[in-house]
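The values are calculated or read from the model by the stated rules, or taken from the named source; none is laboratory data. Note that the coordinates shown come from a computational prediction; the quantities given were computed from them, not determined experimentally. Using ideal geometry, Cβ is built from the backbone for each residue, glycine included, and neighbour counts are taken over all protein chains shown. What goes into the accessible areas is simple: the full protein's heavy atoms, side chains included, and nothing from ligands, DNA or RNA. Shrake-Rupley method; radii C 1.70, N 1.55, O 1.52, S 1.80 Å.
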Amino acid sequence: VGGHLSPWPTYTSGQTILQNRKPCSDDYRKRVGSCQQHPFRTAKPRYLEELENYLRKELLLLDLGTDSTQELRLQPYREIFEFFIEDFKTYKPLLSSIKNAYEGMLAHQREKIRALEPLKAKLVTVNEDCNERILAMRAEEKHEISLLKKEKMNLLKLIDKKNEEKISLQSEVAKLRKNLAEEYLHYLSERDARKILIADLNELRYQREDMSLAQSPGIWGEDPVKLTLALKMTRQDLTRTQMELNTMKANFGDVVPRRDFEMQEKTNKDLQEQLDTLRASYEEVRKEHEILMQLHMSTLKERDQFFSELQEIQRTSTPRPDWTKCEDVVAGGPERWQMLAEGKNSDQLVDVLLEEIGSGLLREKEFFPGLGYGEAIPAFLRFDGLVENKKPSKKDVVDLLKDAWKERLAEEQKETFPDFFFNFLERRFGPSDAMAWAYTIFENIKIFHSNELMSQFYAVLMGKRSENVYVTQKETVAQLLKEMTNADSQNEGLLTMEQFNTVLKSTFPLKTEEQIQELMEAGGWHPSSSNADLLNYRSLFMEDEEGQSEPFVQKLWEQYMDEKDEYLLQLKQELGIELHEEVTLPKLRRALMTIDPSLDKQTVNTYMSQAFQLPESELPEDSDEKEEGVVEILQTALERLQVIDIRRAGPREPEPAN
């Protein structure tokens, strides 16, 4: 090539597609030399023509094949480019890098296409599945529509039938009315004919009497003049009577006899009742039809709404979490995860997972940042700077908390619980490490909410719950264990289910039958169990190495918290005011005595002192007028009562004396 390019211009007319023929370097050099000698000629270089011929030949061979692909069609171009690279030594590195860049990009695109092919198949499968679901839903809707149409046709037929019955009854009523009018006219004509006949008969009888009197005047032995006068007067009376009779006929000619009237009235009443019944039936059927139509329309709307919701859910819903994935992440493997996840719902599993994550983060921390000396910071955490993480195990923390509770219960409670806790750590670990242990214990009990001992200790330490709640609960559990031990006459650690039930009812007389049954089920009783079955009651009060109680003791604690919430709810309902309104001390006292009449004065004063944050010695007496001036927001008072050990002392209504 000699370091020179062909001077053949790009605008020269001619074939621009490379030919399919392998170039010859000797001929090419000659042609290049001739081109240098004649730089202004416009003829196409021979080397270019050979390359175009070679390319055309290779492409023609590929077109003859039936299974040629785009990848194979690139091969001739690749060979032409390699000829350029080999012949143009000066530009070989640059052309090689260009070729390699394109080859790399093609390989990357091939890999990307190969990776997308399974997704395409999956997309086709999902599309077919969705089409099948849509077809199934359309078929179901078509079936429902056909059923509703059939029901509609049946109702329309029933309405037509009722209308026909109504028309037939109306025609029957018209026919009866017509017959009644005809009978009335017939009886009226009969009555008139009878009256005329009676008048004719009377007239004939009078004529016969007159003739007989005229023929035999001596029969009566009376004076003929006198008889004539009597006859005249009688005829006048007859005329007057006849006039009265005609007047009566004129006045009462259209009057129906009472018997006929009552009969027709009864018939009319029966027909009217039948008509009213038919009208009521028709109205009922019409209302039912309207209701069915409304129900049909509402069903269609609900169907459309449900279908829209289904599409929205299918579009936005996420699959249920696969909790088995946590088996390889949680320390201890699948066995420990199954133990942690047993009997828990998704929300509780999230708490367990957060505790595991938090404990892992705690183990990774070497130091805790101090929270400072602010007033909002608890006294046992007031420190500036970094505090060492002692990294105790969960069992070590539980044992330390148990020792703290034992020491707290053994001594007189003269100091607050946070101060006692810090002093306890100083006595246990010395003043230099007390703050580090305080931060370490605080961070651990703040994370493990599912641990009963840690969560209760954290609530007492932060002032969210009085320590008397924990103490009273422990005393209740100890008293229950003592009662069961007393019932165990053989001292074998076993009780029958009947004895177990009796001890629970005697220890907790205010619990309902449902609560007693819940405790028995937590202790191992089943509906199929017999009263003679034995129960190892001592195992109900055992704790594991992490301080977790058995389900029986946990159920006792749950019932205690539920009873406290129910007690405070009854108190709020008895007050009858909103949470943001103010409540006075006497009103709260009266409400407490109403819902729990068995409360003694000392207990009521304790509750009042906690609710209004007043010492018991400063509480006004019941009759003191100063009581009305002591007020507090109801929500604040209830939250303060929630902290202490508040429980029902007796039934709501006092039991009547025998």
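Couple of notes before you dig in:
- Enumeration of residues in the range 448-464 that are closer than 20 Å to residue 365 by Cβ and crowded, with 19+ Cβ neighbours inside 10 Å: 448, 451, 454, 458
- Counting residues in the range 257-269 that are assigned to a loop (DSSP other than H, G, I, E, B) and either modelled with pLDDT of 90 or more or under 21 Å from residue 176 (Cβ atoms) (or both) gives one or more.
- Among the residues of the range 113-143, the ones that are under 30 Å from residue 71 (Cβ atoms) and of a type in the set (Gly, Ala, Ser) come to 2 in all.
- Residue within the range 506-526 that is part of a helix (DSSP H, G or I), more than 36 Å from the chain's Cα centre (by Cα) and free of Cβ contacts under 8 Å to residues at least 24 places away in the same chain present: yes
- Subset of the range 401-438 that is open to solvent by 20 Å² or more (accessible area, probe 1.4 Å) and outside any helix (DSSP H, G or I) - its residue that is nearest to residue 370 (Cα to Cα): 416
- Just one of the listed residues (600, 565) is exposed (fewer than 14 other Cβ atoms within 10 Å of the Cβ) and either among the basic types (Lys, Arg) or at pLDDT 90 or above (or both), and it is 565.
- Some residue of the range 142-153 being farther than 30 Å from residue 257 by Cα, part of a helix (DSSP H, G or I) and either β-branched (Val, Ile, Thr) or more than 44 Å from the chain's Cα centre (by Cα) (or both): yes
- Residues in the range 487-500 that are assigned to a helix (DSSP H, G or I) and free of Cβ contacts under 8 Å to residues at least 24 places away in the same chain: 487, 499.
- Filtering 532, 522 for residues that are open to solvent by less than 80 Å² (accessible area, probe 1.4 Å), aliphatic (A, V, I, L, M) and modelled with pLDDT of 85 or more leaves a single hit, 522.
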